[in-house]
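Single-structure report; data block below.
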Amino acid sequence: MNPSLRVVVSRRIFPDLIEALQRQFVVVANQDDHAWAPGELAAALRDADAALIAGGERVDEALLAQCPRLKVVANIAVGYNNIDLAACTRHGVLATNTPDVLNEATADHAWALLLAAARRVGESERWLRSGHWKRWTFEMFNGADVSGTTLGVLGMGRIGRAIARRAAGFSMRVIYHNRQRLPAAQEGGAQYVALDELFAQSDHLVLVVPYSQAVHHIVGAEQLARMKRSAVLVNIARGGVVDDAALVAALREGRIAAAGLDVYENEPALHPGFLELENVVLTPHIASSTRATRTAMATLASDNVRAALAGQVPPSLLNPEVLGNRRR
Ligand code: GLV
């Protein structure tokens, strides 16, 4: 253990992962998992060398200016829109994320949401649990077909491709849109289409695009109006990619059939309209949440911290331009 290196872990993680870090570093762990009061995280990081953080923690100029010893922030998430990378680089701080290890679990969850929304799983279960099932009827919960339809993927990165691979099992045609078309070898048979066409042609559309200002409300009233009335929209990307108020209106008015959502504009607060609707399946930002995947994510974040504090290049460094002026 190196008593001069302090590592802060901002959320409760599995105890064995904390113990592994404690074998090497002085660890300040938030194992009671309290929410950080304003300024409290910065205070905790003031004399820290490294931080393992979740996507809910914002790392920006104001925080970094208060943390002169900080050498690395390791997001336990693949998305990193909570981290101002340019500010990290200015301060000589390495920033890392957890790509790849969550691809399969996250793709599975996208399919769970798609199938649950299309086949009205949440709605029919609520109905059954509240004692309404007296007699089987022919028209009970007729849902939308998934097999044999067209799947749209907005954001055909590593997770998008894992989602698209699963579509083969449902005999689906896959179309996608990215800022740039992928090399054919990475398309896996999916067809590149313009953004407008993606909305118009998808029978079901999954959003996996990383959040940035450029994609803020990329799904709003206009795009929802282009979608098929029978379509299901799934968002496992980030809150803000969808205009939640516009989606509530579209679902309420039956302009699309249903939605499956894991992320929200102001999470953990939800647009209250979602809670009143039957045709939306809601999960609390858990797409990567299997025990094995969460272990792999925190292990990769820990490995990023170990490498950074040993003066090496972390396996998933986001701002390699920092290496010339990294803090020692
Ligand atoms: C979860 O949202 C992640 O970015 O890993």
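The values are calculated or read from the model by the stated rules, or taken from the named source; none is laboratory data. Small disclaimer: the values here were computed from a predicted structure and weren't measured. Glycine also receives a Cβ, built like all others from the backbone with ideal geometry; neighbour counts cover every protein chain displayed. Note: accessible area is taken over every heavy atom of the protein model, side chains too, but ligands, DNA and RNA are not part of it. Shrake-Rupley method; radii C 1.70, N 1.55, O 1.52, S 1.80 Å.
General remarks:
- Summing Lys and Arg as +1 and Asp and Glu as -1 over all other residues whose Cβ lies under 13 Å from the Cβ of L224 gives a net charge of 0.
- Normalised by the number of residues in segment 20-82, the mean separation of alpha-carbon contacts (under 8 Å, six or more apart) gives a relative contact order of 34 percent.
- Only Lys, Arg (+1) and Asp, Glu (-1) charged, at Cβ; the chain dipole about Cα centre in debye: 560
- Along the chain, longest interval not containing exposed chymotrypsin sites (Phe, Trp or Tyr not before Pro), exposed being DSSP loop plus at most 10 other Cβ atoms within 10 Å: 139-328
- Inter-part distance, segment 153-194 to segment 299-322, computed on C-alpha centroids, equals 30 Å.
- Each Lys or Arg adds one and each Asp or Glu subtracts one; over the other residues with Cβ under 14 Å from the Cβ of P15, this totals +1.
- On a per residue basis, the chain carries 47 Å² of accessible surface, using protein heavy atoms and a 1.4 Å probe.
- Summing +1 for each Lys or Arg and -1 for each Asp or Glu among the other residues whose beta-carbon sits under 15 angstrom from that of V241 gives -4.
- Contact order for the chain, expressed relative to its length and based on alpha carbon pairs under 8 Å spaced 6+ residues apart, stands at 19 percent.
- On the chain, 53 percent of the accessible area sits on carbon and sulfur atoms, based on a 1.4 Å probe.
- Considering only A269, A250, A42, the mean-square fluctuation computed in a Gaussian network model of the chain, springs between alpha carbons under 10 angstrom, is largest for A269.
- What the Kirkwood sum gives for segment 103-282 is a hydrodynamic radius of 16.5 Å, with every pair of different alpha carbons counted.
- Among E278, E267, E40: highest mean-square fluctuation, GNM of the chain, C-alpha pairs under 10 Å: E40
- Residue among D33, D100, D244 with the largest mean-square fluctuation in a Gaussian network model of the chain, springs linking Cα atoms under 10 Å: D33
- Value of relative contact order over segment 103-282, rounded to a whole percent, pairs C-alpha under 8 Å and six or more apart: 22
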